[in-house]
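Notes for the one structure printed next.
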Amino acid sequence: MCYRIVSQPRVDLHIHSNRSDGFFSTRQIIDYARKIGLKAISITDHDDIAGLEEAQRYSQQQDIELIPGVELSAKFKSFDLHLLGYFFDPRNPQLNQYIEFFQQERLRRARKILELLKNHGIRLSLDLILKKSGQGSIGRPHIAEAMVEEGYVHSYQEAFNKYIGDGGPCCVPKYKITPGDAISLINQAGGVCVIAHPGMDISDDGLIDLIKLGLHGIETIHPRHTQQQVDHYREIIQKYQLLETGGSDCHAENKSPVMIGQFNIPYLLVEKMKARLGRQK
Ligand code: AMP
Ligand code: FE
Ligand code: FE
Ligand code: ZN
């Protein structure tokens, strides 16, 4: 007997662009994803959605599906979480208002970090950091890069290890949304909210709490999840009838060597997301 194996089209739902801490521009990501034959992708920048409309226009020209995405920084009990939003309307006013507020908070935080660095003899101008972050989210990676460029440290990693890493002398905590608010925000914008890489960030009890708060799905496929973790989260997905997502979490450059599409999921799971939202194809 002869079987014809029809392989499922693949998708990568977790990719960072240079609007947050990724290396590639949104256009480069779309070009690459098309080249390797992905059917759909989502660019999920940290707390930033401003690049999505232009990316959507470009992806339509290139005939690859771009699912609106974002990765929100959230805090729940003692857990620092990353919550992924998918399929929301990028023009939704409340969502844009929140992103704007968050960007202002990041700017305030960057100013504070620069002040603390001054106490250690490190003088960097805010303008330089703003130039590095471009139009995207201003963050510690931009400060670390500037420290290397200006010769205050030998490497990007040294900047984190000595000064701005979590708990370091010049680290200022970032504003974070609560999961309840994140879920409502994404919901009212027409999307679904999924926890990113839970294996890195949260206990099972915490995860169940989030599910009770209305979390829609769990990211199972992620470079830092073991097969055991993938299987474990699939059981939870089954039990609570949740959505399953996954992707490469590609940042590219030396920050993370994983490339776009290297971790992927079948398009079938995207169809399930659409079905949950009551969307046509
Ligand atoms: P921020 O959003 O400004 O807090 O920056 C978070 C980003 O900084 C992370 O996504 C990493 O890319 C980078 N980062 C955080 N901690 C470290 C660390 N200890 N070493 C290297 N990079 C780090
Ligand atoms: Fe990141
Ligand atoms: Fe993340
Ligand atoms: Zn990510």
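Residues are listed down the side, and each one gets a yes or a no for (1) without any contact (Cβ under 8 Å) to a residue 60 or more places away in the chain; (2) surrounded by fewer than 18 Cβ atoms within 10 Å (Cβ to Cβ); (3) small (Gly, Ala, Ser):
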site: Gln8; (1), (2), (3): no, yes, no
site: His14; (1), (2), (3): no, no, no
site: Gln28; (1), (2), (3): yes, yes, no
site: Asp31; (1), (2), (3): yes, yes, no
site: Leu38; (1), (2), (3): no, no, no
site: Asp47; (1), (2), (3): no, no, no
site: Leu52; (1), (2), (3): yes, no, no
site: Gln62; (1), (2), (3): yes, yes, no
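Quick grid of which residues meet (1) surrounded by fewer than 18 Cβ atoms within 10 Å (Cβ to Cβ); (2) away from ligand 3 (no atom under 16 Å from the Cβ):
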site: Phe79; (1), (2): yes, no
site: Leu124; (1), (2): no, yes
site: Glu149; (1), (2): yes, yes
site: Ile177; (1), (2): no, no
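Which one of these is within 12 Å of Leu83 (Cβ to Cβ), within 20 Å of the chain's Cα centre (by Cα) and either within 10 Å of ligand 1 (Cβ to nearest atom) or not β-branched (Val, Ile, Thr) (or both): Pro179, Pro173? Show your work before the answer.
Details: Pro173 fails: within 12 Å of Leu83 (Cβ to Cβ).
Matching residue, one of Pro179, Pro173: Pro179.
If the condition is being acidic (Asp, Glu) and part of a loop (DSSP other than H, G, I, E, B), then the stretch 112-136 contributes no residue at all.
If you check His197 against the conditions, is it at pLDDT 95 or above, within 15 Å of ligand 3 (Cβ to nearest atom) and not β-branched (Val, Ile, Thr)? Spelling it out, His197 is indeed at pLDDT 95 or above, within 15 Å of ligand 3 (Cβ to nearest atom) and not β-branched (Val, Ile, Thr). For the stretch 179-201, residues that are more than 22 Å from Pro90 (Cβ to Cβ), open to solvent by 20 Å² or more (accessible area, probe 1.4 Å) and touching a residue at least 40 places away in the same chain (Cβ under 8 Å) total 1. Residues of the stretch 124-151 that are more than 16 Å from ligand 2 (Cβ to nearest atom) and either touching a residue at least 24 places away in the same chain (Cβ under 8 Å) or touching a Cys at 6+ places or on another chain (Cβ under 9 Å) (or both): Leu124, Gln135, Met147, Glu150. Would you confirm, using the coordinates I've provided, whether Val230 is open to solvent by less than 30 Å² (accessible area, probe 1.4 Å), out of contact with any Ser or Thr (no Cβ under 8 Å at 6 or more places or on another chain) and modelled with pLDDT of 95 or more? It is false that Val230 is open to solvent by less than 30 Å² (accessible area, probe 1.4 Å), out of contact with any Ser or Thr (no Cβ under 8 Å at 6 or more places or on another chain) and modelled with pLDDT of 95 or more.
The values are calculated or read from the model by the stated rules, or taken from the named source; none is laboratory data. Quantities reported herein were computed from a predicted structural model and do not represent experimental measurements. Cβ sites come from the backbone with ideal geometry, for glycine too, and all protein chains shown count toward neighbours. Just so you know, the surface numbers come from the protein's heavy atoms only, side chains and all, with ligands and any DNA or RNA stripped out. Shrake-Rupley method; radii C 1.70, N 1.55, O 1.52, S 1.80 Å.
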